[in-house]
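**Q** Dropping a structure here in structure tokens format, bear with me for questions.
The values are calculated or read from the model by the stated rules, or taken from the named source; none is laboratory data. In this text, all values refer to a predicted model and were calculated from it rather than measured experimentally. With ideal geometry, Cβ positions are generated from the backbone for all residues, glycine too; neighbour counts draw on all protein chains shown.
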Amino acid sequence: MEGGNTLADTLQYLEFLQDEVDIFNVSCGLNGSIQYQIDANYFEDGWRAYMAKAVKEKFHKPCIAMGNIRDPKIAEKILADGDADLIGMGRGLIADPEWVNKVAEGREKDIRKCISCNIGCAGNRIGFNRPIRCTVNPSVLEGDSYKNRKVTKNCNVVVVGGGTAGLEAACTAAEVGCTTFLLEKNETPGGLASEISKLPAKRRLADFPAYLAHRAAQLKNLYILTGTEGTEDTIRQFQPDIVVTAAGSRPLLPPISGLKELVDKDGGRVYSILGLIQHIGDFPESMEGKKIAVVGGGAVGLDVVEFFTQKKAEVSIIEMMAEIGRDLDPVTKNDAKSIMKKYNVAQLTGTALLQVKDSSFLLKKDDNTFTLPFDYGFICLGMRANGQPFETLSRAFSADSVEVINVGDSKRARRIIDGTFEGRNIIHILEQKGFL
């Protein structure tokens, strides 16, 4: 916190306490700087270990280090270097309670690493006073007990779409004995999570689709066909009992003048989030003096703000509602506010987009219209479900005894946690259909 205790201050006041202490658990942060206390996702593994090291060197007592420790090699290095004697892990054990056992058994690739998204844990408990859940672990309560159940008769499952929701559904179905086929139109699975992870501050997100792909590769009854469209004719070849559509979402482009004509056009200056990711290497390391305008004050818009503030651009964010980041978890929201304050981001709340031009946005606040010029503009108004495959396949198989279900963003564009839960819920579909 600004004006708070430094490490030197802390070492000094611990002199008054150290005789009563057996083990020091060394952390930092307060509610006003909660992104340091419950780490934001972009902090490196073990970034707080230097604090534990300083306490240990002064008082010569056992110390616990913590802070986004997801990689076993980092945990081992902290211990081997003598920076700490114990590793503290909270969210990592919500994501995978078997973390320690998997490391001990040499199964590090099987670890379902926490991605530090803070949605199901901090977001639920602190933000909404709900029970703890987890984006990457849909069975916080039950663990892997579903694997003890097996199908009692042959069941063919076809999953259309290889994002995180589709991969979770396919893996779960295969793990209980279904013969499962996953059809992904792109050359690699991973979906939107893999794309968003290309933003530097979101790189940790890539751990989840990587884990799912590794998990899928261990299942002999799960067949992944990339570069394959999930058409009716293709699906019928696999004689499905259940079809799962997980076709994801695409950027929402409302009927605003000039928007569809200019967004993501070759040589243009107006991008969606996917357009930014496709051209992420085209933006120089320093963009000092360049003007960036971002329409949409949700999670995606703030990702764009974060990306360009690090490049020292002059950034403005436009939001129709009265608050930016209204639906974010408290950790991410506080971090976003800190970033916007630090880099003097212009926050235009209660402001509507009227028209998109090639180098400016026409905006309206109250009864006043004005033009906001930019070097690059970004439209981040959320995502819309790609629901057409579900509708098409539901009609195609309506005369058959085939259950067609829709999961993840293709049902309704939401967060990864929702798609993960729906993917795992194929267990209930199998139960209802009499396969378990």
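**Q** Based on this model, can you work out whether ARG395 counts as in contact (Cβ under 8 Å) with a residue 24 or more places away in the chain and basic (Lys, Arg)? Can you show your working first?
**A** Values: in contact (Cβ under 8 Å) with a residue 24 or more places away in the chain: no; basic (Lys, Arg): yes.
It is false that ARG395 is in contact (Cβ under 8 Å) with a residue 24 or more places away in the chain and basic (Lys, Arg).
Every residue, every condition in (1) out of contact with any strand residue (DSSP E or B) (no Cβ under 8 Å at 6 or more places or on another chain); (2) of a type in the set (Lys, Arg); (3) touching a residue at least 24 places away in the same chain (Cβ under 8 Å); (4) outside any strand (DSSP E or B), yes or no:
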| residue | (1), (2), (3), (4) |
| --- | --- |
| THR332 | yes, no, yes, yes |
| LEU353 | no, no, yes, no |
| LEU363 | no, no, yes, no |
| GLY377 | no, no, yes, no |
| PRO389 | no, no, yes, yes |
| ARG414 | yes, yes, no, yes |
| THR420 | yes, no, yes, yes |
| LEU430 | no, no, yes, yes |
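**Q** Okay, next question. Name the single residue that is farthest from ALA346 (Cα to Cα) among those in the stretch 281-316 being part of a loop (DSSP other than H, G, I, E, B) and of a type in the set (Asp, Glu). Working first, answer last.
**A** Narrowing the stretch 281-316 to residues part of a loop (DSSP other than H, G, I, E, B): 283-290, 296-298, 310-313.
Applying the additional criterion that residues be of a type in the set (Asp, Glu) yields 285, 288.
On the way: GLU285: 21, GLU288: 15 Å.
Only one residue tops the list, namely GLU285.
**Q** Further question: From GLU306, GLU323, GLU314, grab the single residue that is charged (D, E, K, R), in contact with a strand residue (DSSP E or B) (Cβ under 9 Å, 6 or more places away or on another chain) and buried (at least 17 other Cβ atoms within 10 Å of the Cβ).
**A** On the way: GLU306 fails: in contact with a strand residue (DSSP E or B) (Cβ under 9 Å, 6 or more places away or on another chain); GLU323 fails: buried (at least 17 other Cβ atoms within 10 Å of the Cβ).
Of the residues listed, the single one that is charged (D, E, K, R), in contact with a strand residue (DSSP E or B) (Cβ under 9 Å, 6 or more places away or on another chain) and buried (at least 17 other Cβ atoms within 10 Å of the Cβ) is GLU314.
**Q** Let me ask another. Within the stretch 264-276, count every residue that is outside any loop (DSSP other than H, G, I, E, B) and surrounded by fewer than 19 Cβ atoms within 10 Å (Cβ to Cβ).
**A** First, the residues of the stretch 264-276 that are outside any loop (DSSP other than H, G, I, E, B): 270-271, 273-276.
After this cut, where a residue has to be surrounded by fewer than 19 Cβ atoms within 10 Å (Cβ to Cβ) as well, the list is 274-275.
Here the count works out to 2.
**Q** A further question follows. What do you reckon, is ILE38 free of Cβ contacts under 8 Å to residues at least 40 places away in the same chain, β-branched (Val, Ile, Thr) and within 28 Å of THR332 (Cα to Cα)? I'd like the intermediate steps shown before the answer.
**A** Values: free of Cβ contacts under 8 Å to residues at least 40 places away in the same chain: no; β-branched (Val, Ile, Thr): yes; within 28 Å of THR332 (Cα to Cα): yes.
It is false that ILE38 is free of Cβ contacts under 8 Å to residues at least 40 places away in the same chain, β-branched (Val, Ile, Thr) and within 28 Å of THR332 (Cα to Cα).
**Q** Looking only at the stretch 15-37, count every residue that is over 20 Å from ILE119 (Cβ atoms) and either in a loop (DSSP other than H, G, I, E, B) or among the basic types (Lys, Arg) (or both) and tell me the total.
**A** As a first pass, look at the stretch 15-37 and keep what is over 20 Å from ILE119 (Cβ atoms): 15-28, 30, 32.
Keeping just the survivors that are either in a loop (DSSP other than H, G, I, E, B) or among the basic types (Lys, Arg) (or both) gives 17, 21-23, 26-28, 30.
Qualifying residue count, the stretch 15-37: 8.
**Q** Which numbered condition trips up ASP303, out of (1) without any contact (Cβ under 8 Å) to a residue 12 or more places away in the chain; (2) within 25 Å of the chain's Cα centre (by Cα)?
**A** The single condition ASP303 does not satisfy is (1).
**Q** Another question about this same structure. Give the residues of the stretch 343-358 that are in contact with a helix residue (DSSP H, G or I) (Cβ under 7 Å, 6 or more places away or on another chain) and surrounded by 15 or more Cβ atoms within 10 Å (Cβ to Cβ), sorted by residue number.
**A** Initially, the stretch 343-358 is screened for residues in contact with a helix residue (DSSP H, G or I) (Cβ under 7 Å, 6 or more places away or on another chain), giving 343, 345, 347, 356, 358.
TYR343, VAL345, GLN347, VAL356, listed by residue number.
**Q** Output the residue which, of all residues in the stretch 141-163 that are in contact with a Leu (Cβ under 8 Å, 6 or more places away or on another chain) and not in a loop (DSSP other than H, G, I, E, B), is surrounded by the most Cβ atoms within 10 Å (Cβ to Cβ). Full working, then the answer.
**A** Going through the stretch 141-163, the residues in contact with a Leu (Cβ under 8 Å, 6 or more places away or on another chain) turn out to be 149-152, 155, 158-163.
After this cut, where a residue has to be not in a loop (DSSP other than H, G, I, E, B) as well, the list is 158-160.
Values: VAL158: 29, VAL159: 32, VAL160: 27.
Looking at residues that are in contact with a Leu (Cβ under 8 Å, 6 or more places away or on another chain) and not in a loop (DSSP other than H, G, I, E, B), I get VAL159.
**Q** Pull out all pairs, ordered by first then second residue, where Cβ-Cβ is under 6 Å, the residues are six or more apart or on different chains, the first lies in the stretch 245-257 and is of a type in the set (Lys, Arg), and the second is crowded, with 16+ Cβ neighbours inside 10 Å and not in a strand (DSSP E or B).
**A** Close Cβ pairs satisfying both conditions: ARG250/ASN386.
**Q** Mind checking which pairs have a first residue in the stretch 97-117 that is of a type in the set (S, T, N, Q) and a second that is surrounded by 20 or more Cβ atoms within 10 Å (Cβ to Cβ), Cβ under 6 Å, 6 or more apart or different chains?
**A** SER116/ASP39; SER116/ASN68; SER116/ARG204
**Q** If I filter the stretch 367-374 for residues that are in a helix (DSSP H, G or I) and outside the structural domain of GLY123 (by TED's automatic domain parsing), do I get at least one hit?
**A** We begin by selecting, within the stretch 367-374, every residue in a helix (DSSP H, G or I); these are none.
No - not one qualifying residue is present in the stretch 367-374.
**Q** For LYS265, indicate whether it is outside the structural domain of THR164 (by TED's automatic domain parsing) and touching an Asp or Glu at 6+ places or on another chain (Cβ under 6 Å). Give the derivation first.
**A** Values: outside the structural domain of THR164 (by TED's automatic domain parsing): yes; touching an Asp or Glu at 6+ places or on another chain (Cβ under 6 Å): no.
Answer is no for this residue.
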